[in-house]
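The values are calculated or read from the model by the stated rules, or taken from the named source; none is laboratory data. The structure presented is a predicted model; accordingly, all values stated were derived computationally and were not measured. Glycine gets a Cβ as well: all are built from the backbone with ideal geometry, and neighbour counts include every protein chain shown. Heads up: the accessible areas ignore ligands, DNA and RNA and are worked out on the full protein's heavy atoms, side chains in. Shrake-Rupley method; radii C 1.70, N 1.55, O 1.52, S 1.80 Å.
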Amino acid sequence: MLAARMDDRLESGMSDAVADGASTAQGKSMEELVSLCKRRGFIYPASEIYGGLNGFWDYGPLGVQLKKNLADRWWRDMTLTPPTRDGEAVKIVGVDSSIIQNPRVWEASGHVGGFSDPMVDCTETKFRYRADHLICLGEKGDTSGQIYVHVEDDDESYAAARKKLDKYKKRSLGDDEIDTCPFVSLSAEERAIAVGPHAKAPGTLTEPRAFNLMFQTYVGATASEDDKAYLRPETAQGIFINFGNVVDTSRVRVPFGIAQIGKAFRNEVTPRNFIFRSREFEQMEMEFFCHADDAKQWLDYWVEQRKRWWMSVGLSEDNMIVRKHDDDELAHYSKNGAGTYDIEYRWPFTHPGFGELEGIAHRSNFDLSQHKEHSKKKLEYFDQERNERYLPDVIEPAAGLTRGVLALLCEAFTPDDSRASKVVMKFEPSLAPIKAAVYPLVNKDGMPEVAEKLVTELRRRFGHTGLIEFDAKQSIGKRYARMDEAGCPVCFTIDGDTMSDQTVTYRDRDTLAQDRIAIDQVPNWLGDKLGA
Ligand code: GAP
């Protein structure tokens, strides 16, 4: 569904999440992926028992562990063991700032005035559309005839618009007889004869209005205008407003970075494609402060580092591109900078094209200078080496954590008709939510006890990296099939031979190889497999 209903309730559960992007690419179907995520406990629609809430999602036992593993990896690789440059570790420290800040933060950052999408409502159907996603169709040269509107990239609404136009003209128009134009360029007179994508009558689409994407709330009991506050639409500003605190309280010297992982909220007009664009999501952002003269070099450095990092968590190079923003795409804070790059992923719903996974922007010193001006506080940094006082420039690698989880899910999703599960989730083992399963072949003859002892040992050693599964019920084939869907890299089975020769069978998720190893070698063997 491309239009979000104004009452914002999901009308048909999970199918809404993918109806506009349920394409099949490389055998990867979003509909099947969404269904697996529900079935195996990765991701559920939020408030499902009340009909859901469009743009909100809950993470189940496997989803929360996968998300945590990705976040932990980012935190480790950014703050604990950061990358090096010219042989020296890059300095990055962490913060965790409030979701709700003084609303003046968002005035200074430009979000109160400018963080909006143009939006159009249909008074007949109550559908809401992003104005810049609407395209008009009409007969060439006919300036007074009706105009039919469809949603860009939505074949179904295009076909409906063509059908209505043909019906109005009482004949089938050829492609060369059709004129198209963006809805946003229509005059008021033309809007009066435009028929909305899901409407019957003309003139039901409103003039585009700026729709601020920030969620509002009130702090305190009185709920007056003065108490208005916002849920943060990005984690970045919580970093900028603490720049002075961090410089004063830790021994950092420019160039250095401040990293943060946390929730962000945007009242997106059209949340869609599962967790790709949701209204509540998580970001992993790092603001890297450097001298303006070095900004270009650091931008190139971080673009390269970030692409390599996504490969290290299992995304294949073939499914990623780095794209430089055109000048007219640049955000206001990036206008005077060295540019912005997006790392884009080949999602099933963009295939064969790509869509944003992470942005890496040169924000110049826009944010610090805005906060300096609005707060009237001195935020300049004194650089002892250069003997110079300045507001540092910023390079910002800004990644979506939840969008990253979606990329891991899409990459891992591998249809395989030869398996009982018909699909296997090939997560990079160190990111997999379940690290190993230990199964007694049958639930008797001392096998469960041996299995439980091994589980305890594996949990002690690997429990901080993910789950160790134990299950003594069902046929072994069914238990393996469940682990294939969960993306568990290896299963260990305790059988009759274990009791006599102290060996177990391991089954490899990807190769399906099965072999025996000594039970006391299992922890080290698994450690090698997980790189742990
Ligand atoms: N501080 C800069 C900033 O927030 P952004 O490109 O708007 O930049 C950064 O967001 C990343 O956050 C995006 O690349 C994307 O991965 C993720 N993101 C943004 N909006 C999102 C949404 N509505 N749902 C899920 N992830 C989103």
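Can you tell me which residues in region 466-503 are farther than 24 Å from Leu33 by Cβ and either β-branched (Val, Ile, Thr) or in contact with a Leu (Cβ under 6 Å, 6 or more places away or on another chain) (or both)? Within region 466-503, Ile468, Ile476, Thr493, Ile494, Asp495, Thr498, Thr503 qualify.
Residue by residue, here is whether (1) open to solvent by less than 30 Å² (accessible area, probe 1.4 Å); (2) at pLDDT 95 or above holds:
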{"residue": "Gln101", "(1), (2)": "no, yes"}
{"residue": "Ser109", "(1), (2)": "yes, yes"}
{"residue": "Phe115", "(1), (2)": "no, no"}
{"residue": "Arg128", "(1), (2)": "no, no"}
{"residue": "Asp132", "(1), (2)": "no, no"}
{"residue": "Cys136", "(1), (2)": "yes, yes"}
{"residue": "Gly145", "(1), (2)": "yes, no"}
{"residue": "Tyr158", "(1), (2)": "no, no"}
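Out of the residues in region 437-474 that are farther than 30 Å from Ala71 by Cα and among the β-branched types (Val, Ile, Thr), state the one that is surrounded by the fewest Cβ atoms within 10 Å (Cβ to Cβ). The extreme case among them is Val442.
Just one of the listed residues (Ile434, Ile517) is within 29 Å of Ser312 (Cα to Cα), open to solvent by 10 Å² or more (accessible area, probe 1.4 Å) and aliphatic (A, V, I, L, M), and it is Ile517. The set of residues from region 346-404 being farther than 27 Å from Lys67 by Cβ and of a type in the set (A, V, I, L, M, F, W, C) comprises Phe366, Leu368, Leu379, Phe382, Leu391. Among the residues of region 171-181, is any in contact with a His (Cβ under 9 Å, 6 or more places away or on another chain) and of a type outside the set (Asp, Glu)? No - not one qualifying residue is present in region 171-181. Among the conditions (1) in contact with a Cys (Cβ under 7 Å, 6 or more places away or on another chain); (2) more than 12 Å from the ligand (Cβ to nearest atom), Ser375 misses just one, which is (1).
Total residues in region 147-156 satisfying the condition of being of a type outside the set (A, V, I, L, M, F, W, C), surrounded by 16 or more Cβ atoms within 10 Å (Cβ to Cβ) and not in a loop (DSSP other than H, G, I, E, B): the figure is 2. Taking the listed residues Glu282, Glu287, Glu317, the one that is open to solvent by 10 Å² or more (accessible area, probe 1.4 Å) and within 23 Å of Gln260 (Cα to Cα) is Glu282, with no other qualifying. Every test in (1) open to solvent by 70 Å² or more (accessible area, probe 1.4 Å); (2) under 27 Å from Ser97 (Cβ atoms); (3) hydroxyl-bearing (Ser, Thr, Tyr) is passed by Ser185 save one, and that test is (2).
Residues in region 365-377 that are touching a residue at least 40 places away in the same chain (Cβ under 8 Å) and in a loop (DSSP other than H, G, I, E, B): 2 in all. Go over the candidates Thr340, Thr350 one by one and state the one that is surrounded by fewer than 19 Cβ atoms within 10 Å (Cβ to Cβ) and within 14 Å of the ligand (Cβ to nearest atom). Going through Thr340, Thr350 in turn, the sole match is Thr350. Scan region 275-307 residue by residue and report those that are under 18 Å from the mean Cα position of the chain (by Cα), within 10 Å of the ligand (Cβ to nearest atom) and not aliphatic (A, V, I, L, M). The answer is Phe276, Arg277, Ser278, Arg279, Glu280, Phe281, Glu282, Gln283, Glu285. Residues that are open to solvent by 50 Å² or more (accessible area, probe 1.4 Å) and either farther than 30 Å from Phe289 by Cα or not assigned by TED's automatic domain parsing to the domain that holds Phe288 (or both) within region 217-247 comprise Tyr218, Val219, Gly220, Ala221, Thr222, Ala223, Glu225, Asp226, listed in sequence order.
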